[in-house]
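To start, the structure itself, in structure tokens.
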Amino acid sequence: MKLHAPIFERRLRRRIKQTIRRSPELRRQARRQARYRNRTWHYWVYPFLRLYVSGIGATATVAIVRNTGHLTAALAFVGLWLFALVSFQAQSLAQQLYASPDLPALGLLPLEMRTIFRRQIGKFLWRSTWLLVDLVMMLGALMSWTELPWLKGLVVAVPTMLLAWGAVLALTGLALRYCPRLPFGQIAGLTSLLGIVLLFTYWIFEPQILALWDRSAGTLIILLPPAWPLALIRLAFPKGSPSDFLFLLPTVGLIGTLRHTVRQLAANYEFSEPLEPEAEDVLPETSASETVPMSNAPARAGVTTIQEHVATHAFLAPANWIARGGIEAWFWRWLTDGERKLAEFAFPRKVQLTRRWKRIFRDLLIGGVLAMTFSRINFTFLTWIWAGTILFTILRVGGLFFANGHAFTPIFCSGVNLQLHTVYPVGYRELSRVLFKFTLVQFPCLLIYALIVGGAIAHLAGLGILAGVVMGGKAAVLLAALRGPAIAMAFSAGTNDSTLLGLRPLLVAVFVLTGLVLIGLSIACVWFAAPLLSAGLGLGAILLAWWFWWLYGWFYNTNQFDLMNLPRETI
């Protein structure tokens, strides 16, 4: 079913242009509208930025095969690149199916759910072709460096790229179908941050990273599903083995799950208003278990009881998560009366800081025990088990340490996106203070975690445990300082600060440049061991982070931005 009438649209567009040409006043208004058109920055910069990222991947692929001299190491990097993009693809698919701005309008049309589902899936597939751009650039650069004949390379590379694309799509569908609660957006953001940090620090640990990568490339090709079809590239080279054809079997099996996954997603795809059962009257000093009635009817408090709680302000009692003790209690005692109201607004549900940090340290301990156990079999297992454990816990620490609660939840309203905090009289600095305290109360746990991880990484890299502990401590301090820019970016996500109006592009460039300088200063502070130099770089990074937060707050509080942004796509 077509949702557009191309012939009608072309005729209408032609008639509008003819009408505008006949009227000087309409021409002036059209030029004025074109000058101040409401077109956001990411519409025209995203393709160039995405091509730049693909170019970085192609450059890294050639650098690996040039420095190691092994094709398998480069193919393992391409496989890891594709595996890292699964979280981005899962976030894109979830947004396209369940949070697209098109859905409210499509829901009003006399369309079947399967028609809407096919349309949204089609748009996702079209956007996922950027994976093919990555593969073309990376494998093309690889074949150019190895001087492989183009005809022979194309015969092998074209089906390999299609199979790798299908493997990533299959993993994306499986992730969204069976792990829908995973925070794909946070995982994608932290993956991007880790990639930027690795890009800045590669020249520091280049010998260790290349040696480890070259030694583990064969294992990674077996462990990473997107790398399975890439192993077929080796058939185009003289040293290729017929056993590489065996990777075709699990690849076809993985891609074969796509049909079942799409059917499952389509079967559960429908628009309906969620109906919750009528809630019970839970009084502040009671728990839900104490109010469960014997019958199916919800428990109800009497009029006198309700008036008593209103008169004594008992309904303003703290939320249940505050009385749990531990880090939550420290956080609550640190807040003022006004900040406690903002904390309940930002974190209306349970805040389990103590329990989640215990789980992080438990996972770190389990990973360490497994690494030491398998190290007796193969040293490579020790390295990669530790690396996987550290990466997994870093993602969890980042999601907990930089959490913002529900304050910045986007709400689609009248064609624009509004953040939840804009509906209430919540200021930039007031909410920032609550989030700063929420972060700093976790700093002791972060410091202990950073000391352990820093020592482990330094030991694996051969730098000495003491040097790693020192670097971990500096990293913890700088991560706490980065909380200011992170809060500013959370506010920025709900404004139109990147639209092409006035000096907005220059403002965006200033903030981007400031962010890059801040990351560079932080990495230099962690790496350099000279106390005075390291302290100076760290102080500069902290001051720059504070300036970033303050400067954006100045623009925000002087009403330079609208507290709304247009959705990224429309019908």
Inset, instruction - Go ahead and run the numbers for FRET between VAL510 and LEU235, Cβ-Cβ distance against an R0 of 41 Å, rounding to 0.05. - result: 0.25
Inset, instruction - Determine, for TRP550, TRP332, the number of other Cβ atoms within 10 Å of each Cβ, and report the residues in order from fewest to most. - result: TRP550, TRP332
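Give me the mean projected area, in nm² to one decimal, of the convex hull enclosing the Cα positions of region 322-557.
15.5
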Legend entry - trypsin sites (Lys or Arg not before Pro) lying in DSSP loop within region 420-470, provided at most 14 other Cβ fall within 10 Å: none
Legend entry - Chain lengthening between VAL155 and LEU194 when straightened (0.36 nm per residue, less Cα-Cα): 10.5 nm
Legend entry - Relative pair counts by distance (%), Cα atoms of region 46-267, 5 Å bins: 1, 6, 13, 18, 19, 15, 12, 8, 4, 2, 1, 0, 0
Inset, instruction - Return the Cα extents of region 344-480 along principal axes one, two and three, sorted largest first, each rounded to a whole Å. - result: 61, 28, 26
Inset, instruction - Would you please give the residues with an amide H less than 5 Å from that of GLN419, counting only those at least 5 places away or on a separate chain, with H modeled from the backbone geometry? - result: ILE411
Legend entry - Per principal axis, descending, Cα span of region 209-261 in whole Å: 41, 27, 12
Legend entry - Share of alpha-carbon pairs per 10 Å distance bin for region 122-235, given as whole %: 11, 31, 40, 17, 1
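Bear in mind these aren't lab numbers, they're just calculated from the coordinates by the rules spelled out. These numbers were taken from a predicted model, which means no experiment stands behind them. Please note: Cβ atoms are built from the backbone with ideal geometry, for glycine as well, and neighbour counts cover all protein chains shown.
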